[in-house]
Every structure is written in C-alpha cells, then in structure tokens.
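Visitor: Encoded as structure tokens, here's the structure I'll be asking about.
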Ligand SMILES: [Zn+2]
C-alpha cells in the first residue's frame, strides 16, 4: 500500500508509520472487533469500521488511514469522544470507581504480573475519566497522564481528586 491512495467518502488520511515514519510496505491487519467508529459521527464519515495496517519496515500495528490531526483536535476539544452516556450515574465518583475497579483491576493485575513490575510510575496517554490512574495511585504508584478532552480532564480532577494530572 502506498500513501498516494486517498480514502474515499471519509475524511480520513493515510499517514506514514507513527513509529518509524516509513511510507510504504504496509500490510492489512483488519479485524471485526473494531466497531466503535460508527458512534464518532463525522470523524469517520463513510466508514463502517476502521482499517489497521502492519508497517512493513518495523511491524508496528496502527490505525491507517485515520482522521486528520486537525479533525482529531476538534473532536477531543469538543468533548465528543466520551459523550455523556454515563454522566448521571457517574456524577457520584464512587459509582464510576466501582465500574473502573470491575473493568480495569483484573487488567492491571495481569499487566503487573506479566511485566514483573512491582512499583513505580505509570503514564496513561488519553486517560479518559482517569480510572486507571486512580487505581494505580491507590496501589501506591506515581500516576501521570494526559487527556485532551477537557470534560474528561475536569472529571478526573474534580471527581477523582487527581491533582497530579
Ligand atoms: Zn514502522
């Protein structure tokens, strides 16, 4: 696959490999498991599911094509990634943390067990409501992260009391 091909119908763009910057030699790595993009409206307009590629140079698996950086910036800055589906239920932070423990604790346990890491610092890129960071902090880890969605960032700060974000 070469970068010259443009996505038809959607506004997504082909990008070089995010890891090594190679612009050719991509192999398809599509899956039926990625069905979330329909809910993102115009961001993926015209696509039923995202496309994934394996970089022929370094092997990095990544979404490609993808929305432009400008479109993604607008999308996150307007808090459209996690619309207020559960905002009423999660107004009480303990309700959200109950969900976070149910959803993430087992995954954290697995990651720690398989990595052999016991204690340290964790950095979550795109931490959402901040549940994973809160759970790591509760385990004594130094927790850091970035979140571009200002509604989610405010939730993590105000509801979870995460002053280290
Ligand atoms: Zn690469």
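Visitor: As an exercise: evaluate residue 111 against (1) in a helix (DSSP H, G or I); (2) on the phi > 0 side of the Ramachandran plot and give the number of the one condition it does not meet.
Guide: (2)
Visitor: I would also like to ask the following. Any chance you could count how many residues in region 114-140 are closer than 13 Å to residue 162 by Cβ and in a helix (DSSP H, G or I)?
Guide: 8
Visitor: Quickly run through region 12-48 and pick out the residues that are at pLDDT 80 or above, outside any helix (DSSP H, G or I) and within 14 Å of residue 67 (Cβ to Cβ).
Guide: Listed by number, the residues that qualify are 12, 13, 14, 15, 18.
Visitor: Of the residues that sit in region 50-70 and are more than 16 Å from the ligand (Cβ to nearest atom) and exposed (fewer than 15 other Cβ atoms within 10 Å of the Cβ), which one is nearest to residue 24 (Cα to Cα)?
Guide: Here the residue is 68.
Visitor: Considering only residues that are buried (at least 20 other Cβ atoms within 10 Å of the Cβ) and in contact with a strand residue (DSSP E or B) (Cβ under 9 Å, 6 or more places away or on another chain), which ones fall in region 134-152?
Guide: Passing the criteria: 134, 135, 136, 143, 145, 147.
Visitor: With respect to residue 131, determine if the residue is assigned by TED's automatic domain parsing to the domain that holds residue 145 and surrounded by fewer than 16 Cβ atoms within 10 Å (Cβ to Cβ).
Guide: In short, no.
Visitor: Continuing with this model, one more query. Only one of (1) within 16 Å of the chain's Cα centre (by Cα); (2) away from the ligand (no atom under 15 Å from the Cβ) fails for residue 47. Which number is that?
Guide: Only one criterion is unmet by residue 47, namely (1).
The values are calculated or read from the model by the stated rules, or taken from the named source; none is laboratory data. A quick note: this is a predicted structure, and the numbers were derived from the prediction, not measured. When we count neighbours, we look across all protein chains shown, and the Cβ atoms used for this are built from the backbone with ideal geometry, even at glycine.
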